[in-house]
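The values are calculated or read from the model by the stated rules, or taken from the named source; none is laboratory data. Here the structure is a predicted model, which means the values were calculated and not measured. For neighbour counting, all protein chains shown are included, and Cβ atoms are generated from backbone atoms with ideal geometry for every residue, glycine included. Keep in mind that these areas ignore ligands, DNA and RNA; they rest on the heavy atoms of the full protein, side chains included. Shrake-Rupley method; radii C 1.70, N 1.55, O 1.52, S 1.80 Å.
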Amino acid sequence: MNYDQEDIDRYFDAFDYIVFAIMLLVSALIGVYFAFFAKVKQNTTSEYLMGGKTMGIFPISMSMIASYISGISILGIPAEMYTYGTQFWMIIASEGFVSLTMAVAYLPVFYKLQITSSYEYLNLRFNQTVRLFGSILFLMKMLLYIPIVIYVPALAFSQVTGINLHLITPLVCVVCIFYTTLGGLKAVVWTDTIQTVVMFGALIAVVFMGTYSVGGFSEVWKRSVDGGRIDFFNLDWDPTIRHSFWTVTIGNFFSWMASCSINQAMVQRCLAMPSLRSARVTVLILVIGIMTLVSMCCYMGLLIYAHYYKCDPVTRGSIYKSDQLLPYFVMHIAAIMPGLPGLFVSGVFSAALSSMSTGLNSMTGVIFEDLVKPRMKKPLTESQASFLMKIIVVVIGSICVALVFVVEKMGALIQASGSLGAITAGPLLGIFTLGMFFPSANSVGALVGGVTSIALISWISIGTQINMAQGLIRFPQKPVSVQGCKVDWLSEYLLTLDNPMTSVHLEPPFILYRLSYMYYTALGTITAISVGLIVSYLSGSNKGKSLSKDLFSPVIYRFLVKEDVTKEANSTVPQEALQLTMVD
């Protein structure tokens with residue numbers, strides 16, 4: 001069968017636009033409902049940021065799943081399977097350990113302190129400077145992440161479905177800002193829930209329709225095996241291998257730990273639960289949902305390869321890069337199920353919207369609690385605080401929309417987004433881990449450790465991207481075939497191979513530039529902890545000071561000085577004052 005550009009002769013039809021419009025309309029109406037018609041209005045800090053701590057397990061779980069899976073994941077993971085094989089699929093092996101660690105070691109600390117911003121912890125454990133440092137890192141990360149989350153799916157779909165990028169991007173962003181501003185956390189969580197259902201529905205529809213079009217699961221698997229795509233257990237310990245079993249499982253453990261255990265977006269949702277037990281249940285559901293979604297995305301990569309195993313659309317020139325494989329494939333099988341393109345676009349943009357709304361809501365909490373509130377000479381009333389937070393959402397949302405068009409001019413930023421995220425993720429996880437697990441760590445050590453970690457990972461990440469741009473670092477790809485393409489095109493293609501380029505021997509780059517990007521967060525975390533402990537020791541640690549045991553993870557309670565714990569347990573000092581005070 002020949003697969004050529006002219007094979008796809010349709011774009012969005014009226015039914016597809018209706019499906020997509022319904023998704024946006026429902027999202028907007030949820031914000032209107034919680035702003036004007038719900039019994040409890042979003043006019044207090046607790047309601048706007050924490051949902052009044054009355055949220056149910058199901059919507060919070062769905063919201064957390066939607067926050068983790070973005071349009072980048074839905075488009076990028078199938079492309080990864082198609083291009084490099086199934087080794088990346090093994091990230092699901094470490095996610096169970098992450099959820100256990102989060103539920104047992106990190107989450108109880110935040111829940112016991114009952115804080116709104118996870119970065120409040122850094123002030124309670126260290127000082128205001130470390131808190132400000134952590135908050136700024138988080139805001140930088142989200143301001144880079146949100147525009148990419150919106151831009152990547154918008155770009156892919158504008159090129160293969162005919163939707164204008166400059167029309168769809170502001171539209172979905174305005175809808176997202178609208179319901180996030182009006183409805184607060186409850187609107188974000190419930191729109192996330194609806195969007196997660198749409199996302200699951202879209203992926204399931206593509207999986208079933210695609211498998212049917214290829215000829216069944218056994219045929220998908222057979223073609224994937226024949227094409228060398230099945231590769232789960234590369235047990236080579238070489239840290240420069242882009243994806244091996246060890247780089248994927250160990251690296252993802254640290255990456256996902258940073259994304260879940262101390263990330264404001266996740267912590268804020270867990271703290272919106274009425275009890276620690278219910279928060280732990282949501283984490284369990286989150287893991288199951290993520291493993292299911294990731295597995296579906298991975299399988300779709302094999303499905304796409306099985307469909308185009310005789311004529312690679314990237315080599316053929318039908319699409320320009322592998323990120324467009326999934327939407328291109330959807331348009332190929334669209335004739336089987338009318339409305340499938342609209343449903344699928346809705347699913348991908350649902351993932352993007354949920355990531356954006358979660359980011360806006362969590363950034364608002366950090367800006368208000370960590371940057372604005374501590375500097376107010378006179379406390380704001382609840383209504384004033386709620387109004388101010390809504391203004392903050394609109395402002396940072398508008399900034400993100402503007403940055404989408406900046407990202408459009410900076411293609412390299414998209415390619416580097418995975419490694420750039422580790423620049424902030426590793427240091428933040430390291431600082432929080434220092435505080436919760438090492439009583440001797442002090443504020444000087446935390447700050448120096450964090451800055452050193454950022455400098456190291458920034459150097460490695462940027463150096464790696466430069467070497468990749470210069471062609472000094474390349475990753476081996478799985479083989480593709482063009483035997484099934486049209487004869488006339490195949491003849492032209494074979495002519496281009498008659499004049500091969502002379503290979504030039506190049507010296508390999510510096511060893512750290514060849515380190516797998518999956519290890520960046522782990523390296524950043526270990527660096528922050530190691531340097532932090534050394535500097536804390538040299539600066540006197542916390543000798544002669546008594547710290548509340550509530551500031552530490554329950555897993556190290558037995559290692560705390562018994563005298564200090566007893567002193568705190570019998571103290572008549574109010575809990576809040578006790579957390580802020582260190583006594584000789």
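What about I148, is it under 30 Å from G56 (Cβ atoms), touching a helix residue (DSSP H, G or I) at 6+ places or on another chain (Cβ under 8 Å) and among the β-branched types (V, I, T)? Judged against the criteria, I148 is not a match. Within segment 80-87, is even one residue within 26 Å of T292 (Cα to Cα), in contact (Cβ under 8 Å) with a residue 24 or more places away in the chain and within 18 Å of the chain's Cα centre (by Cα)? Yes, because at least one residue in segment 80-87 is within 26 Å of T292 (Cα to Cα), in contact (Cβ under 8 Å) with a residue 24 or more places away in the chain and within 18 Å of the chain's Cα centre (by Cα).
Okay, residues lined up against (1) closer than 30 Å to G365 by Cβ; (2) assigned to a loop (DSSP other than H, G, I, E, B); (3) among the charged types (D, E, K, R):
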| position | (1), (2), (3) |
| --- | --- |
| I250 | no, no, no |
| Q268 | yes, no, no |
| T292 | yes, no, no |
| K310 | no, yes, yes |
| V314 | no, no, no |
| Y328 | no, no, no |
| F344 | no, no, no |
| V348 | yes, no, no |
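Selection of segment 246-291 for residues being over 16 Å from the mean Cα position of the chain (by Cα) and not aliphatic (A, V, I, L, M) yields W246, T247, T249, C270, P274, S275, R277, S278, R280, T282.
One residue alone among S553, S546, S516 is buried (at least 16 other Cβ atoms within 10 Å of the Cβ), touching a helix residue (DSSP H, G or I) at 6+ places or on another chain (Cβ under 6 Å), of a type in the set (G, A, S) and at pLDDT below 80, and that residue is S546. The lone criterion from (1) open to solvent by 50 Å² or more (accessible area, probe 1.4 Å); (2) modelled with pLDDT under 80 left unmet by N467 is number (1).
Is it true that some residue in segment 255-273 is open to solvent by 20 Å² or more (accessible area, probe 1.4 Å) and modelled with pLDDT of 85 or more? Checking segment 255-273: at least one residue is open to solvent by 20 Å² or more (accessible area, probe 1.4 Å) and modelled with pLDDT of 85 or more. Does R280 satisfy the criteria of being of a type outside the set (S, T, Y), assigned to a helix (DSSP H, G or I) and open to solvent by 50 Å² or more (accessible area, probe 1.4 Å)? Yes.
Counting only residues that are under 30 Å from P509 (Cβ atoms) and polar (S, T, N, Q), segment 240-289 holds 7 of them. Among the residues of segment 288-311, those identified as β-branched (V, I, T) and either open to solvent by 10 Å² or more (accessible area, probe 1.4 Å) or within 18 Å of P479 (Cα to Cα) (or both) are I288, T292, I304.
Here A351 fulfils each of the conditions (1) modelled with pLDDT under 75; (2) open to solvent by less than 60 Å² (accessible area, probe 1.4 Å); (3) over 28 Å from the mean Cα position of the chain (by Cα) apart from (3). Taking S213 as the residue in question, decide whether it is buried (at least 21 other Cβ atoms within 10 Å of the Cβ), part of a helix (DSSP H, G or I), in contact with a helix residue (DSSP H, G or I) (Cβ under 8 Å, 6 or more places away or on another chain) and not aromatic (F, W, Y). Judged against the criteria, S213 is not a match. Just one of the listed residues (V330, V314) is at pLDDT below 85, open to solvent by 30 Å² or more (accessible area, probe 1.4 Å) and of a type in the set (A, V, I, L, M, F, W, C), namely V314.
The residue that is least open to solvent (accessible area, probe 1.4 Å), among those in segment 363-408 that are outside any helix (DSSP H, G or I) and charged (D, E, K, R), is K378.
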